[in-house]
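See structure below.
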Amino acid sequence: EVESKSTYEHDKLSYLTSIQCAFDTGIIWEEDVLAFEVSSEETGSYVATVTDADGKVNGAKLEVFETGDDTTALYNGTTDTNGVATIADIPYGKYDVKVTEAGHKTKTVKGVIINNATETGAIKLTKA
């Protein structure tokens with residue numbers, strides 16, 4: 001039975017094999033390698049469209065927090081003239097997204113799940 005490997009796993013194995021060959025043949029020395037890390041963390045993007053009763057909201061600030069911890073934003077973005085904000089390179093997981101804009105009530109969307117290339121959301125703000 002042949003086991004299928006993801007492209008990432010295949011590339012990682014190929015790279016590590018190349019590094020080992022370089023060590024074995026003396027092309028590079030262990031003391032020449034200062035740091036080496038292979039990350040398998042998958043990331044996605046969050047694309048939000050922010051509106052209010054009048055339509056698209058330009059300049060709204062979005063902050064992404066670990067679920068249940070709104071003390072330190074991990075990622076952030078700002079809506080453009082179309083009311084759209086894109087926040088990229090978010091590791092797969094569950095997050096809370098806080099949206100603020102002058103003249104509007106702050107809104108928090110809880111439990112946003114990033115588990116694919118792009119997660120989308122429509123957020124409607126209420127005027128203060």
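For the reader, a short list of remarks on this structure follows.
- The stretch between ASN58 and THR71 holds 2.2 nm of extra length on full extension. This uses 0.36 nm per residue minus the Cα-Cα distance.
- Where labels lie 7 Å past Cα in the beta-carbon direction, separation of THR100 and THR78 in nm: 1.4
- Projected label points at ILE113 and VAL47, each 7 Å from Cα along the beta carbon direction, are separated by 2.0 nanometres.
- Per residue solvent-accessible surface (Å²) - segment 40-103, probe of 1.4 Å: 52
The values are calculated or read from the model by the stated rules, or taken from the named source; none is laboratory data. Computed from a predicted structure; not experimentally measured. In this analysis, Cβ positions are derived from the backbone assuming ideal geometry, glycine residues included, and neighbour counts consider all displayed protein chains. Note: accessible area is taken over every heavy atom of the protein model, side chains too, but ligands, DNA and RNA are not part of it. Shrake-Rupley method; radii C 1.70, N 1.55, O 1.52, S 1.80 Å.
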